[in-house]
1. Among the residues of the stretch 220-230, is any modelled with pLDDT under 95, in the same structural domain as Thr255 (by TED's automatic domain parsing) and of a type in the set (Lys, Arg)?
2. With the structure loaded, tell me whether Phe216 is assigned by TED's automatic domain parsing to the domain that holds Ser280, surrounded by fewer than 18 Cβ atoms within 10 Å (Cβ to Cβ) and among the aromatic types (Phe, Trp, Tyr) or whether it fails that test.
3. For the condition closer than 25 Å to Glu154 by Cα, among the β-branched types (Val, Ile, Thr) and within 16 Å of ligand 1 (Cβ to nearest atom), what is the one hit in Thr53, Thr28, Thr36?
4. Have a look at Leu110, Leu24 and point out the one that is closer than 15 Å to Leu304 by Cβ and either buried (at least 21 other Cβ atoms within 10 Å of the Cβ) or among the aromatic types (Phe, Trp, Tyr) (or both).
5. Within the bounds of the stretch 135-144, is there any residue that is crowded, with 18+ Cβ neighbours inside 10 Å and closer than 21 Å to Met7 by Cα?
6. Looking at (1) at pLDDT below 95; (2) within 21 Å of Leu304 (Cβ to Cβ), which is the one condition that is false for Arg130?
7. Out of (1) modelled with pLDDT of 95 or more; (2) within 16 Å of ligand 2 (Cβ to nearest atom); (3) among the polar types (S, T, N, Q), the odd one out for Ser17 is which?
8. Could you check the stretch 1-17 and list, in sequence order, the residues that are crowded, with 19+ Cβ neighbours inside 10 Å, in a strand (DSSP E or B) and more than 13 Å from ligand 1 (Cβ to nearest atom)?
Amino acid sequence: MIKKLFMRDFRNFSEVSLSFSDKLNVLTGENGQGKTNLLEAIFFTGMLRSFRTSRVADMKKIGSQSFYISCEADSDGKWTKKLEIEYGELRKLKIDSSIVKKASEFIRNLMTVAFSPDDIAIVNGNSRIRRRFIDICISMESPSYMSALLEYSEALLSRNRLLRSVSPDIKILRAFEPVMAEKASVISKYRLDYSELLKKEMQKILCDYMRDETDFDIRYRNSSGTFSKDEYMNKFEKERNKDILRKMTSFGPQTDEFDFFLNSKLLRCFGSTGQCRFISLCLKMAELNLLLKTEENIKKAVVLVDDVTGELDSRARDYFFKVINRAGQTFFTFTSVPTDKYFKEASIYKINSGRVASLYV
Ligand SMILES: Nc1ncnc2c1ncn2[C@@H]1O[C@H](COP(=O)(O)OP(=O)(O)OP(=O)(O)O)[C@@H](O)[C@H]1O
Ligand SMILES: [Mg+2]
């Protein structure tokens, strides 16, 4: 969980220093004051990614060259760590004042799951958003997946850059392929396994939640059609000349798709807005349930709930609260102080133009 947070030049925050409750925290404030930005800073500290953008530079306060976040993370009294992130031209990470080079060594000190109104795009948006969702879920469970993803992405970027050049050197192109084949094989196996786990968890949630027969399915479509490193290598051999003409790598994890079906209908094509929203909420609950499988993760879990409870009816709200209650620490955002008895014991904060005050109600 997160005990203390200091931010400098992050989004609309110039300099803010905060302490939080171990359990329930409520951020209130009018529209556009910084509630989501604060959740984003917490999520970023846990995952080194934002839940709403892939453009890290957007998080620097407009006009600033860098942002800095420092956070005291605690695993239910077992350990306390000081996590520091400075993001300027380069990214600098520290744990307890020691420099950390690899992102995979930094993340997982906080296990963050964010519920946001934008989650609907996981279901009805483009395939990049689905891959991003699955990548974050698996990275949180498996640092080796995150490392494979980073190494694959770096090699892919270099191979694509070369493919765009006037006459790509085949020898250099080939040099990237063994590492890409090896990592793609790792990534696709993880994705297949996680899709199965997620599907089972979704079916359980839907059965509990809907109390009727709802048929949900996830199909992982591996664009390469293989899980084996050797077969990936063969595919590179076969596709290389076509890739040179296309000026891009045409297969691999970056073109995978995850199809979500509700009652045999592909949701992104045939789902109603209500169905897509509902399924996206259930997917996030499933992600959280899978994460909270171990005691260690429960202690490190931080759940961020941005504006998603307003539309739920009382039965759905009760179910949602039951699921997220299993996590140690939660943060909610509201435009005014909630009156629901669930929030009776919460620490309440008021955010106004990037300034945060603690409210005692
Ligand atoms: N990089 C940035 N630098 C400075 N200000 C920014 C930056 N990015 C966003 N903002 C400002 O932050 C504010 C938005 O904050 P945020 O999204 O956290 O609002 P919110 O309190 O969640 O509002 P809502 O209730 O509408 O969701 C806006 O005023 C926006 O202009
Ligand atoms: Mg917001």
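1. no
2. So Phe216 does not fit the description; no.
3. Result: Thr53 is the single residue among Thr53, Thr28, Thr36 that is closer than 25 Å to Glu154 by Cα, among the β-branched types (Val, Ile, Thr) and within 16 Å of ligand 1 (Cβ to nearest atom).
4. Selected residue: Leu110, the only one of Leu110, Leu24 that is closer than 15 Å to Leu304 by Cβ and either buried (at least 21 other Cβ atoms within 10 Å of the Cβ) or among the aromatic types (Phe, Trp, Tyr) (or both).
5. no
6. (1)
7. In the conditions (1) modelled with pLDDT of 95 or more; (2) within 16 Å of ligand 2 (Cβ to nearest atom); (3) among the polar types (S, T, N, Q), Ser17 misses (2) alone.
8. Ile2, Leu5
The values are calculated or read from the model by the stated rules, or taken from the named source; none is laboratory data. What you see is a predicted model, and the numbers here were worked out from it, not measured in a lab. In this analysis, Cβ positions are derived from the backbone assuming ideal geometry, glycine residues included, and neighbour counts consider all displayed protein chains.
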